[in-house]
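Following: one structure in structure tokens, then a few remarks.
The values are calculated or read from the model by the stated rules, or taken from the named source; none is laboratory data. Since we're looking at a predicted model, the values are computed, not measured. Here the Cβ positions follow ideal geometry from the backbone for every residue, glycine too, while neighbour counts run over all protein chains shown. Surface accessibility is based on the protein's heavy atoms, side chains included, excluding ligands, DNA and RNA. Shrake-Rupley method; radii C 1.70, N 1.55, O 1.52, S 1.80 Å.
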Number of protein chains: 2
Amino acid sequence: MQEIAAAAGVSRTTLHRAFGDRATLVERVSEHVLAECSRLFDEAGIDEAPVMAAFDRLIEMPLPLAKAYALLLAEPGAYRIARLVEEIRTQDDRFERFFARGQADGIFRPELPPRWLVYSFGAQLTALWWAVDDGFVGTRDATRLLRATVLTGIATDAAAAPDPGSEGKP
Amino acid sequence: MQEIAAAAGVSRTTLHRAFGDRATLVERVSEHVLAECSRLFDEAGIDEAPVMAAFDRLIEMPLPLAKAYALLLAEPGAYRIARLVEEIRTQDDRFERFFARGQADGIFRPELPPRWLVYSFGAQLTALWWAVDDGFVGTRDATRLLRATVLTGIATDAAAAPDPGSEGKP
DNA sequence: TGGGGGTGGGACAGATTTGTTTCAGATGGT
DNA sequence: ACCATCTGAAACAAATCTGTCCCACCCCCA
């Protein structure tokens, strides 16, 4: 509480006046993050817009939201609030349907479980915020790097298709 | 402490006798995790073995270590121990050199900063543990999914190369 | 000049955590 | 049976955290 108040630039007293209990504080913050996330999904049109276009809008998500979402998932107290757990599950399911739709449309590889894509994408989004925060990635490069890594991976085309079996050996 | 002791199946007293202070406990555990990680890097031969072979050995890393490493990075107290921070930096640099070597050998895309590859790979490794833990990914599929997602991404070959410009439109 | 309304500092009791000590019981080797 | 060693339960003081007061202060508006 002391640290939170200090980070927010207010006193512990004010923090308490604004949110009351500690439990209600995490609840309010979590609700806000989830709602913001849902709003971004809406704006990107992940339910109905063309998959690749929605994907491109999605990866421009503001990084601070990714940070907040990661911190929310890292907060153990959040999992004790049934409504929040339910909401997180709902969002995951929604995101999973997006990837499944992409697979049906031939955009995403069908052999990868859509649920795994949710995890993988989310993890890389968090990693991107972290890398930017640590100063290793510029804000300008962020979207490009995320798009490249998520969509086409890190291997070169030559290395990714070793079936022809004619490269790499001296 | 109470929870840690319970999770370890011992009493709080024994935990204290074994590690003394709480600070020294996190320090000892962190040291162990870092050392284990370094040992796995050695075994995989990330400094000198052929890049793709080392990569394939690396992605078979035991998931519990990824879990422990993620928890270590999530522990705020760890960053107050200068030696640990230094060690983490050393490991990151070593891993970054691995990716740079892969780029020099034509295995990894040269346009992605090696440091970002460290972040992206680490994030997906953590995500994989999480997905397995949540029951969405079987232990048997784990390595395959990680390899596919990291190396070649999630897009189909058709969607990944939209330059020819002849697919996806009805 | 005189209030509202919001804010911070300080103080407070209650709860929780932490580190330590003591003692009783279990284990295992000789 | 005996001793060494380890463990857990309980109790304890010290420290920290939490939630709530109260009061002084500041700022803005009338």
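Could you tell me whether segment A:19-152 comes out rounded, prolate or oblate from its Cα gyration tensor? Rule is a ≥ b ≥ c as square roots of the eigenvalues, rounded for a/c under 1.5, then prolate if a/b exceeds b/c, otherwise oblate. Here segment A:19-152 falls in the oblate category. Spin-label pair residue B:91-residue B:6: with each label point 7 Å from Cα along the Cα-Cβ axis, the two points sit 2.9 nm from one another.
For segment A:28-170, the fraction of 1.4 Å probe accessible surface lying on carbon and sulfur atoms is 56 percent. Segment B:1-52 and segment B:82-147 have Cα centres separated by 20 Å. Projecting the Cα atoms of B:7, B:62, B:41 onto the charge dipole of chain B (Cβ charges, centred on the Cα centre) puts B:7 farthest toward the positive pole. Both chains summed, the buried accessible area for B and A stands near 3700 Å², from protein heavy atoms and a 1.4 Å probe. What the Cβ-Cβ distance of residue A:80 and residue A:111 gives, at R0 = 25 Å and to the nearest 0.05, is a FRET efficiency of 0.10. Of the whole protein surface, residue B:152 contributes about 30 Å² of accessible area at a 1.4 Å probe radius. Take residue B:94, move 7 Å from Cα toward the beta carbon, and the resulting point lies 4.4 nm from the same point in each other copy, nearest first. Working from Cα pairs under 8 Å separated by at least six residues, relative contact order for chain B is 19 percent. Dipole magnitude for the protein assembly as shown: about 780 debye, using +1 per Lys or Arg Cβ and -1 per Asp or Glu Cβ, origin at the Cα centre. Helix content alone sets the calculated 222 nm mean residue ellipticity of chain A: runs of n ≥ 4 DSSP H residues at -39500 (n - 2.57) each, divided across all residues, give -22500 deg cm²/dmol.
Basic side chains Lys and Arg get +1 at the Cβ, acidic Asp and Glu get -1 at the Cβ, and with that the dipole of segment A:19-152 about its Cα centre reaches some 180 debye. Averaged per residue, segment B:23-147 has 48 square angstrom of accessible surface, using a 1.4 angstrom probe with ligands and nucleic acids left out.
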